[in-house]
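Engineer: Next up is a structure, given as structure tokens.
Read the figures in this text as sums done on the coordinates, not as results from a lab. Bear in mind that the values here come from a model prediction, so they are computed numbers and not experimental data. A quick note on method: Cβ atoms are made from the backbone with ideal geometry, for glycine too, and the neighbour counts reach across all protein chains shown.
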Amino acid sequence: MKKLLIVSGVILTMLCIVFAAGCISEDPQGSIVIMNSDGSTVTLNHTAERIVLLNSNAGEILYLLGDADKVVGISQSIANNAEQVKMYPNATVVGAWNEPDVEYLISLDADLVIGYATSKPKNAEVLASAGIPIVYIDCTKPNTMTQDIVEIGKISGNTEKAQQIAEYYNEVITEVESRVTPISWAPTVYAESYTAYWGQGTDTGMGQLITIAGGSNIMNDAGSKKLSDEWVVSSSPEIIVKLVNNMNDPKAAYNEIVSRTGFNTISAVENDKVWLLRNDLTYGPRSCAAAVALAKMIHPEVFEDMSVESVLTEFNIRFGTDFDVTGLTYPAL
């Protein structure tokens, strides 16, 4: 099988524009230019038929496209996720997402590897020297999601359906933004990852979702970092959103938060505005549903007629997927 040719470079001057921020470009020989999430470009000499996934969010887009059967390798973290692993019936485990087994990747005769631009593999140079091309598409932030969806479609050759998915994503986000734009107040929100007191900054995917939903993040810093319990208590956020990996025992996870020292004085706890939100909903193409969830938490009176479940159900109807539409938040919205 011919290997894909990669040429990294600076941001490509757009030759034509596909939906939103997407960039499709082909040179006279028919090669395909992919824009990585960090703005660099990669040139492929044909679409991919054998793909290795280190990035679960990009894989979810392939699943939506109906191209999950092209995935021949997945990271151990994807294999450990019961919801994700079932999407890739033809895939075997290639090692850790940040340090895959190069020899095994070579044996799979993969066309390319999809990784994270923000967290590149430790052995990226080894992969490159072995002739294994890598594209870096995060699929983690709403501000670049439509572009990321289009780029994944270019990789698999399914550009038309990718544009349809990007359009639906943008349709939901635009509806949320249009409803919160006239609102003059932005309730304060503390978003915590599955690690206690690990806050989500303004430029993270969760931080961007809070802004879209009409909230004000109590953490003004970029990135995510460990916060002190005293600082969270003194900030007294009006809403607390705790990200969880599953809803196996949501009541216990909820009680752990509201019973923390000093939390009984926090506005969100006093007014029963603490929620658990499934972490996998906040990244990838389903994050538009997370925007609806947050909007219902932050401005419930404006979003009574919208539901998280209906957004995911529409994904399933439009694109033939089987996303779980239950156990998305606790308490239920």
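Engineer: Could you list, in their original order, any pairs among Lys242/Lys296; Lys225/Lys273; Lys122/Lys242; Lys70/Lys154 whose Cα atoms are separated by more than 20 Å?
Structural biologist: Where the Cα-Cα span goes over 20 Å, the pairs concerned are Lys225/Lys273; Lys122/Lys242.
Engineer: Hey, can you grab everything whose amide H is under 5 Å from the amide H of Trp97? Only 5+ residues off in sequence or another chain; H modelled, so Pro and N-termini drop out.
Structural biologist: Gln76, Ser77
Engineer: By how many degrees, 0 to 90 and rounded to 10, does the Cα axis of helix 142-156 deviate from the longest principal axis of the chain?
Structural biologist: Its long axis makes an angle of about 30 degrees.
Engineer: Also, I was wondering about something else. For the stretch 32-166, count all C-alpha to C-alpha pairs, find those more than 24 Å apart, and express that count as a whole percent of the total. All intermediate terms of the calculation are to be shown ahead of the outcome.
Structural biologist: Numbers: 1674 of 9045 pairs.
More than 24 Å apart: 19 percent of the Cα pairs in the stretch 32-166.
Engineer: Using only the Cα atoms of the stretch 206-333, what do you get for the radius of gyration and for Dmax, in Å?
Structural biologist: When restricted to Cα atoms, the stretch 206-333 yields Rg and Dmax of 15.0, 47 Å.
Engineer: Step through the residues of the stretch 133-139 one at a time and calculate ³J(HN,Hα) from phi using the Karplus curve (6.51 cos²θ - 1.76 cosθ + 1.60, θ = phi - 60°), rounding each to whole Hz and writing x for Gly and Pro.
Structural biologist: Rounded to whole hertz, the list is x, 10, 10, 10, 10, 6, 6.
Engineer: Measure nothing fancy, just the Cα-based angle from helix 56-65's long axis to the longest principal axis of the chain, in degrees from 0 to 90, nearest 10.
Structural biologist: 70 degrees
Engineer: What distance in nm separates the simple spin-label points at Glu230 and Asn316, each placed 7 Å from Cα in the Cβ direction?
Structural biologist: 4.9 nm
Engineer: Going by alpha carbons, how many degrees (0 to 90, nearest 10) lie between the helix axis of 308-319 and the longest principal axis of the chain?
Structural biologist: Between the helix axis and the principal axis of the chain, the angle is about 20 degrees.
Engineer: Here is a follow-up. Could you order the peptides 35-48, 264-277 from most to least packed, using the average number of other C-beta atoms within 10 Å per residue?
Structural biologist: Ranking, from highest mean packing down: 35-48, 264-277.
Engineer: Return an integer: the convex hull volume of the alpha-carbon atoms of the chain, in Å³ per residue.
Structural biologist: 133 Å³
Engineer: Assuming R0 = 25 Å, what is the FRET efficiency of Met247 and Thr174, from their Cβ-Cβ distance, to the nearest 0.05?
Structural biologist: It comes to 0.30.
Engineer: Return the calculated 222 nm mean residue ellipticity for the chain, to the nearest 500 deg cm²/dmol, obtained by summing -39500 (n - 2.57) across DSSP H runs with n ≥ 4 and dividing by the residue count.
Structural biologist: -10000 deg cm²/dmol
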